[in-house]
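None of the figures in this text is laboratory data; all of them are computed from the coordinates on show. What you see is a predicted model; the values in this text were computed from it and never measured. Cβ atoms come from the backbone with ideal geometry, glycine included; neighbour counts cover every protein chain shown.
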Amino acid sequence: MRKYVIMGVQGSGKGTQSQMLAADLDIVHISVGDIFRWNVQNHTKMGAQVRRVMAAGELVGDDLVESVVRDRLTGHDWNFGFIIDGFPRNCRQAEFFVESYDIDGVIALELPDSEVRRRVLNRRLCAGCGINYNLIDSTPGVPGRCDACGGELVAREDDTEEALAVRLRDYHEKTNPVLDLFRRKEYVISVDARPPAEAVQVEIRWRLGLPPYRAPQAQPEESRSA
Ligand code: ADP
Ligand code: ZN
């Protein structure tokens, strides 16, 4: 059983790295931001509660966040473990978490703020299938359209200059102290998030003593549409 937390500023690649790790180790990837975005897109009650807060780049209230995390962790079978992304974001959330779960490792992705702005403001998301693109080095074949499903590429509502400034400020003020707390109590590995995603993944595996990363095999053409 492996239980990891992944932390890092906006655009540092928490989601990408978590998915690569989760797919290969058969652990569950829990993204608190994705859970909230799903609720907003599907017009749930919770979605209505968090929509404005998220769009402004502010943090959702601790009680709601904690109940989402608790529900997700009690409701899901994670026989082989989990990697949680976007939580904890402040010291109160961290205390709740450390009391309830033993963490095997905390992955801290490090990225300078100048690079954060460049990545986040150029990030696009497929409205159809959710794949991430950026207008720097993973541009789609047809501008504005997803290569996989043809869906429209849109910016996240909170990927604006204004909301990003709020998110970055909160990260440095509220989330960095959590890392200090984890550094004292837990096992934190700091990883440079500037290299390409696969190189970052190789480094994470090596630092955590996990089996090395193997790039997924390209699927043969005929089985792709299955
Ligand atoms: P990012 O890390 O790029 O800010 P996320 O997808 O992790 O994006 O989160 C998006 C938004 O969801 C946050 O700006 C915040 O409003 C809300 N959110 C996610 N996780 C938490 C959390 N642990 N505590 C409070 N709010 C959260
Ligand atoms: Zn798509």
In nanometres, the difference between 0.36 nm per residue of separation and the alpha-carbon distance of residue 189 and residue 76 is 38.0 nm
Cβ charges +1 (Lys, Arg) and -1 (Asp, Glu), total dipole of region 80-181, debye: 360
Provide the net charge surrounding residue 20, with neighbours chosen by a C-beta distance below 13 Å and charges set as Lys +1, Arg +1, Asp -1, Glu -1. -2
Quick calc, the chain, dipole around Cα centre from Cβ unit charges on Lys, Arg (+) and Asp, Glu (-), nearest 20 debye, gives 140
Quick check: the distance between the Cα centres of region 168-206 and region 83-99, to the nearest angstrom? 14
Answer rounded, prolate or oblate for region 129-168, using the Cα gyration tensor with square roots of eigenvalues a ≥ b ≥ c: rounded when a/c is under 1.5, else prolate when a/b is larger than b/c, else oblate. prolate
Could you name the lysines in cross-link range of residue 174, using Cα to Cα under 19 Å and dropping any fewer than eight places away on the same chain? 14, 185
Could you rank the peptides 14-22, 207-215, 128-136 by their average count of other C-beta atoms within 10 Å per residue, with the highest value first? 14-22, 128-136, 207-215
Once normalised by the length of the chain, the mean sequence separation of its alpha carbon contacts under 8 Å that are 6 or more apart gives a contact order in percent of 27
Could you work out the local net charge near residue 119, counting Lys and Arg as +1, Asp and Glu as -1, over the other residues with Cβ closer than 11 Å to its Cβ? 0
Along each of the three principal axes of the Cα atoms of the chain, give the extent in whole Å, ordering the values from largest to smallest. 48, 42, 37
Principal axis box of region 165-208, alpha-carbon based, largest edge first, Å: 30, 29, 8
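State the extension gain, in nm to one decimal, for the chain segment bounded by residue 160 and residue 129, taking 0.36 nm per residue of separation less the distance between their alpha-carbons.
Between residue 160 and residue 129, full extension yields 9.0 nm more.
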